[in-house]
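Shown next, in structure tokens, is the structure this report addresses.
Where a number appears in this text, it was derived from the coordinates with a stated rule and is not lab data. Bear in mind the structure is a predicted one, so any value in this text is a computation, not a measurement. Counting neighbours? That spans all protein chains shown, and the Cβs are built from the backbone with ideal geometry, glycine included.
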Amino acid sequence: MSNDDESRDGNKLWGGRFSEATDAFVERFTASVDFDRRLYRQDIAGSIAHARMLAQVGVLSPEEEAQIAAGLEAIAGEIENDTFQWSVELEDVHMNIEAALTRRIGAVGKKLHTGRSRNDQVATDIRLYVRDEIDAIALLIEQLQLTLLDIAEREAATIMPGFTHLQVAQPISFGHHMMAWFEMLERDYQRFQDCRKRVNLSPLGAAALAGTSFPIDRHYTADLLGFDSPTRNSLDSVSDRDFAIELAACGSLLMTHLSRFSEELVLWTSEQFQFVELPDRFCTGSSIMPQKKNPDVPELVRGKSGRVNGHLVSLLTLMKSQPLAYNKDNQEDKEPLFDVLDTLKDCLFAYAQMMPAVTCRSQVMREAANRGYSTATDLADYLVKRGLPFRDAHEAVGRIVAMAVESGQNLDQLYLEQLTAICPQIETDVYQVLTLEGSLNARDHLGGTAPAQVRAAVTQARDLLASH
Ligand code: ARG
């Protein structure tokens, strides 16, 4: 055998046409095993399905198939208990496992790669991996959503200032605020589910790019691997990484949401706001300032949104100039993709653990809602209900607010005579609409902040989660 020839590299599964060994640097530079070995489970599942299909169509004998499957399962066991010898010389997870199979079961192992290529193999592996990760991410999103529903229910009548431009706008229910977070996560959940539809298709059988001359059954392998169906075009099958980009885009948006939650928590835990308190176990101190309790977890989540956005751009850039079909460039898809998935899971896990332990300082929030003339809109609405056109009511209340600012009082501290001096339509019942509770309860319609509406929204959201 030419493999005995010293000038060739006998270790390579593709060594036949080469007359010198691979340059040591090139070997390291082109290898992906250090990061793609995490695909071993998917790779082995894909190979077992492929072998089973080959036996089904008569390309392998049942005995050969049984030997291959047993050998691959034994290899999975070795990898799991960390006794498997990974080798950079064998470049990637696919060739490491295939070479180990042949070492283990002999010549039959060399038949496994009949009618397939690493190009459809790797595309299959990543799709299986991403599919399972989407399911894990979806579960974590739901876990966090449930947590938010519990808080929303508990704090439906807890009053905080609602902001626009980060200026006090109108009083709202803290539970209502949590339900806004819930909605953002619900859209994320739906986006991941939609992405999953395009992930869960089987490229296996596309082979290198054009298909194979063997009588393969692509529906059979797709079924065995739990794919919804095979992909339609062999060239597209081996070159498409849209699903990875979509995944990263869904991830970027999810991280954008978590980053916004984080920004709010960072503000709310500050000395200036003091709206909520994070549990000590989710914070760290300062090495110099003894009094510090820093909201590190939200800050890090906010920071990690940067790397996920970065990976999205990496993947888009990776694909933008590739001619059909497979190119080695594609090997660069894995590190960003894996990091996106790891980061999403960590951040969701952190939030799902942390949120139930967040406590509200309702008195502080209430006082903050009382400052900033947050019920001024209610006063304007009151005047409209007494016949003033809204613009005139707006103008009158603006003058009342200016007077209150001048005298350093809240709206409900102004005497009736002061109010009627500006606007004679005002009567004693005005003080009911100037209260925080009155303001919240008045917004009693679908999507409004009245505690009754928040409780109804929580009930509906629970039904929605149950129907996921
Ligand atoms: N390690 C490769 C990747 O990640 C596997 C496919 C290699 N195919 C090839 N023709 N070199 O994409």
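Points worth noting:
- Acute angle (nearest 10 degrees) that the helix 296-319 long axis makes with the longest principal axis of the chain, alpha-carbon atoms: 50
- Among residues other than E80 with Cβ under 11 Å from its Cβ, the summed charge is -2 (Lys and Arg +1, Asp and Glu -1).
- Sorted by Cβ density within 10 Å, fewest first, the residues W14, W86, W268: W14, W86, W268
- Net charge in the neighbourhood of A357 (other residues with Cβ under 15 Å of its Cβ; Lys, Arg +1, Asp, Glu -1) is -1.
- Residue order for S407, S87, S262, fewest other beta carbons within 10 angstrom first, comes to S407, S87, S262.
- Spatially close Lys pairs in segment 178-326, defined by Cα atoms under 28 Å apart and a spacing of eight or more places or different chains, total 5.
- Check: segment 349-468 dipole with +1 on Lys, Arg Cβ and -1 on Asp, Glu Cβ, in debye: 440
- The calculated Kirkwood hydrodynamic radius for segment 114-240 is 17.6 Å, given to one decimal from all distinct C-alpha pairs.
- Leading residue at positive end of dipole, the chain (Cβ point charges), from Q291, I105, H394: H394
- Using a Förster distance of 35 Å, the FRET efficiency for K110-D242 (Cβ separation, nearest 0.05): 0.55
- Dipole of the chain [Lys/Arg +1, Asp/Glu -1 at C-beta], most positive-end residue of A369, Q56, I141: A369
- Residues H311, H445, H113 arranged by fewest to most Cβ contacts within 10 Å: H445, H113, H311
- Close amide H partners of G162, meaning residues 5 or more places away or on another chain with modelled amide H under 5 Å apart, are A169, Q170, I172.
- Cα-projected label distance for Q409 with V364, points at 7 Å along beta-carbon direction, nm: 3.0
- Cut-off 19 Å (backbone N to label point 7 Å along Cα→Cβ of F163), residues of segment 271-299: 271-278, 294-299
- For segment 96-171 and segment 437-468, distance of Cα centres in Å: 30
- The P(r) of the chain has a tail past 29 Å containing 62 percent of all C-alpha pairs.
- Sum of -39500 (n - 2.57) over DSSP H runs of 4+, divided by residues of the chain (222 nm, nearest 500): -19500 deg cm²/dmol
- Inter-probe distance in nm under a simple model that places probes 7 Å from Cα toward Cβ, at S286 and S213: 7.4
- Dipole magnitude of the chain about its Cα centre (Cβ charges: Lys, Arg +1; Asp, Glu -1), debye to nearest 20: 520
- Between the beta carbons of S87 and A452, assuming R0 = 51 Å, the FRET efficiency works out to 0.20 to the nearest 0.05.
- Between the listed residues A180, A152, Q190, the Cα displaced farthest toward the positive end of the dipole of segment 120-206, a dipole computed from Cβ unit charges relative to the Cα centre, is found at Q190.
- As a calculated quantity, the FRET efficiency between L324 and D296 at R0 = 35 Å, using C-beta atoms, amounts to about 0.15.
- Dipole magnitude (debye, nearest 20) for segment 1-103, charges at Cβ of Lys, Arg, Asp, Glu: 300
- Between segment 190-254 and segment 291-358, the alpha-carbon center distance in angstrom: 22
- Spatially proximal lysines relative to K111 (Cα-Cα < 28 Å; intrachain offsets below 8 disregarded): K12, K328, K334
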